[in-house]
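Readers should treat all values here as calculations from the given coordinates under stated rules, not as data from a laboratory. Given the structure is predicted, the values throughout are model-derived calculations rather than measurements. Glycine gets a Cβ as well: all are built from the backbone with ideal geometry, and neighbour counts include every protein chain shown.
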Amino acid sequence: MASVLVLNGPNLNLLGTRKPEVYGRTTLADVEELCRQTAGKLGLDVDFRQSNHEGQLIDWIHEAGPAVRAGELIGAVYNPGAHTHTSVAIRDAIEGVSLPVIECHISNVHAREEFRHHSFISPVARGIIVGFGVLGYALAIEGLHRLGADNG
Ligand code: CA2
């Protein structure tokens, strides 16, 4: 069975514990369960990961590119957290291995501080989902599946 990789960047382990007015009360474990249910209906497995370390995320992205080419993975749903606005290295990693990525943000970053309006990731993403709360993860999995994710 093919999988979808769901990657979460820094501080997303805090989801549901603080800032409920911005990110809601759903925990990251709840998001994982939502992803498993959504993917299961599409006949997909989920590889769900979170890290607070840029290098770790880059290593996972590097592993994911070949896994897509091998037919083991359809691509990644990725909430890069604050790396969205800072990380050329993560952008280069995605581009470097041609990983099909749906960039996903829980909050509407465009309705927030100006520094959240720019994304280094968006130019190398297949699609972007912003502002749907944690439902965005489910929409992103469905979108990635429907895109076929076969043309990078
Ligand atoms: O809206 C999103 O999903 C973000 O990617 C979340 C990031 C933020 O830096 C982006 O601008 C938008 C922050 C993730 C940290 O989440 C927390 C959750 C609870 C308490 C504190 C942080």
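Values as computed for the structure displayed
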{"read-out": "Relative contact order of the chain, defined on C-alpha pairs under 8 angstrom at six or more residues apart (%)", "value": "27"}
{"read-out": "Two-decimal log10 I(q)/I(0) for the range 66-152, as the Debye equation yields it once each C-alpha is a single scatterer, q = 0.23 Å⁻¹", "value": "-1.13"}
{"read-out": "Among 140, 64, 82: highest mean-square fluctuation, GNM of the chain, C-alpha pairs under 10 Å", "value": "82"}
{"read-out": "For the range 23-82: rounded, prolate or oblate by the Cα gyration tensor [a/c cutoff 1.5]", "value": "oblate"}
{"read-out": "Neighbour-limited loop hits for trypsin sites (Lys or Arg not before Pro), the range 6-72 (at most 14 other Cβ within 10 Å; DSSP other than H, G, I, E, B)", "value": "18, 25"}
{"read-out": "As computed over the chain, the Cα convex hull volume per residue (Å³)", "value": "92"}
{"read-out": "Separation of alpha-carbon centers, the range 20-56 and the range 93-149, rounded to whole Å", "value": "14"}
{"read-out": "GluC sites (Glu not before Pro) lying in DSSP loop within the range 12-78, provided at most 16 other Cβ fall within 10 Å", "value": "72"}
{"read-out": "Simple Cβ-charge dipole of the chain, Lys/Arg +1 and Asp/Glu -1, about Cα centre, in debye nearest 20", "value": "340"}
